[in-house]
Amino acid sequence: MDWITLNTPEDVAKRCCIEIQQCAEKALAKTGKFKIVLAGGSTPSLAYKLLAESNTDFSGWEFYIGDERCLPVDHDERNSKLATSILLKAAGIPSSQLYPIPTELGPEAAADQYEAVIKSALPFDCVLLGLGEDGHTASLFPGHTHPADRLSIPVYNSPKPPSERVSLSFEAIHQSETILFIVTGSGKKEAVNTWKTTGTVPAAKITSKGNIKVLIDSAAAE
Ligand code: 6PG
């Protein structure tokens, strides 16, 4: 695992964009496709914006969602809505290249449907992950247990609203060539320290077939 500390959130976003494009170049040269899992939350927004503004040819890209909140289809708080508005729409990428999690169906039905989508997509080329203030990542929260044989899991009683979600499992996330964490802001300092010193937070349990890079700004790293 590489911890890469950068000065500002803008520097993190710029580096994230570069890392994604390098992963894409490698994957496209190998298979003609680039399968990326997008992170939820607000931290990735600037990286998505920079990606949309880059003169990238997105035609071979496939966008998956690492976790989704159980909200109505067009709800502004859905993670796929953020990715669609800041990245896909801004870059003119057809919605057919996005594989959203149908959480409007509820956690069980959505997780079951996405299980098949992920099974046929694996392995991923790149998985983007955020970090919560309690050390969660995607919708894998401290103290929650999940079935070991699933790729996509229903989540209940999430401490971060809404309480019902769907998340990729540790096993699904593991099957990626590259995993990029993006972590910014002093609010994440405690979670980063716990991660580094005890390894007990969910983010610390993320493993990868390839490499893991944690892109972090100085405010979160102190
Ligand atoms: C969500 C995400 C969650 C997020 C972290 C960080 O639904 O919010 O899945 O895991 O990545 O909580 O969120 P911020 O980037 O907004 O701090």
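Antiparallel DSSP bridges in the stretch 126-222: what percent, to the nearest 5?
Around 35 percent of the beta bridges assigned by DSSP in the stretch 126-222 are antiparallel ones.
Just to confirm the filter: which chymotrypsin sites (Phe, Trp or Tyr not before Pro) across the stretch 77-180 are DSSP coil and have at most 11 other Cβ within 10 angstrom of their Cβ?
Numbers: sites: Y114, F124, Y156, F170; in loops: Y156.
Those satisfying the criteria are Y156.
Using modelled amide H (1.01 Å from N, peptide plane; none on Pro or chain starts), what sits under 5 Å from the amide H of E164, excluding residues fewer than 5 places away?
When sequence neighbours closer than 5 places are left aside, the close amide H contacts are C70, S158.
Could you order C16, C70 by accessible surface area, starting with the largest, using a probe radius of 1.4 Å?
C70, C16
Rounded, prolate or oblate: which fits the stretch 3-106, taking a ≥ b ≥ c as square roots of the Cα gyration tensor eigenvalues, rounded meaning a/c under 1.5, else prolate when a/b beats b/c?
In terms of gyration-tensor shape, oblate.
Scan around G210 for amide H atoms under 5 Å from its own, H built in the peptide plane at 1.01 Å from N, and keep only partners 5 or more places away or cross-chain.
S176
Once the Cβ-Cβ distance between I4 and A109 is put in as r, and R0 is 22 Å, what FRET efficiency do you end up with, to the nearest 0.05?
0.05
What part of the accessible area of the chain, given as a whole %, is carbon or sulfur when the probe is 1.4 angstrom?
Roughly 52 percent, rounded to a whole number.
Could you give me the ³J(HN,Hα) list for the stretch 77-86, computed from phi with Karplus coefficients 6.51, -1.76, 1.60 and θ = phi - 60°, whole Hz, x at Gly and Pro?
Along the stretch 77-86, the couplings run 8, 6, 4, 6, 5, 5, 5, 5, 6, 7 Hz.
Give me the tail of P(r) for the chain as a percent: Cα-Cα pairs with distance above 27 Å.
When all Cα pairs of the chain are counted, 25 percent exceed 27 Å.
So what is the 222 nm mean residue ellipticity for the chain from helices alone, if each DSSP H run of at least 4 adds -39500 (n - 2.57) and you divide by all residues, rounding to the nearest 500 deg cm²/dmol?
-9500 deg cm²/dmol
Isolated Cys in the chain by the 4.7 Å beta carbon test?
For the chain, the answer is C16, C17, C70, because their Cβ atoms have no other cysteine Cβ under 4.7 Å.
For the stretch 105-140, which GluC sites (Glu not before Pro) are in a loop by DSSP, counting at most 16 other Cβ atoms within 10 Å? It would help to have the intermediate numbers written out before the result.
Values: sites: E108, E115, E133; in loops: E133.
Sparse-neighbourhood loop GluC sites (Glu not before Pro): E133.
Nearest-5 percent of antiparallel DSSP beta bridges in the chain?
Around 25 percent antiparallel, to the nearest 5.
Calculate the length of the line joining the C-alpha centroid of the stretch 125-189 to that of the stretch 199-222, in whole Å.
12 Å
Multiply the residue gap between T197 and D134 by 0.36 nm, knock off their C-alpha separation, and tell me the result in nm, one decimal place.
21.3 nm
Please report, for the Cα atoms of the stretch 102-222, the Rg to one decimal and the Dmax as a whole number; what are they, in angstrom?
Reported Rg and Dmax, both Å: 14.4, 42.
Enumerate the helices in the chain for which the Kyte-Doolittle hydropathy averages -1.0 or more and the C-alpha atoms extend at least 30 Å along the helix's axis, using complete DSSP H runs.
Span-like helices in the chain: 9-31.
Mind listing the long-range amide H neighbours of V127? Cut-off is under 5 Å, sequence gap 5 or more, other chains count too, H placed in the peptide plane at 1.01 Å from N.
Here V37, T178, I179, L180 satisfy the definition.
Quote to one decimal, in nm, the extra length available between S218 and A90 on full extension: 0.36 nm per residue of separation minus the C-alpha distance between them.
43.1 nm
For the stretch 110-222, report the accessible area per residue in Å² (1.4 Å probe, heavy atoms, rounded to an integer).
On a per-residue basis, the stretch 110-222 sits at 39 Å².
The values are calculated or read from the model by the stated rules, or taken from the named source; none is laboratory data. Predicted, not measured: the structure shown is a model, and the values here were computed from it. Neighbour counts are summed over all protein chains in view; Cβ atoms, including those assigned to glycine, are modelled from backbone coordinates with ideal geometry. These area figures cover heavy atoms from the full protein model, side chains too; ligands, DNA and RNA do not enter into them. Shrake-Rupley method; radii C 1.70, N 1.55, O 1.52, S 1.80 Å.
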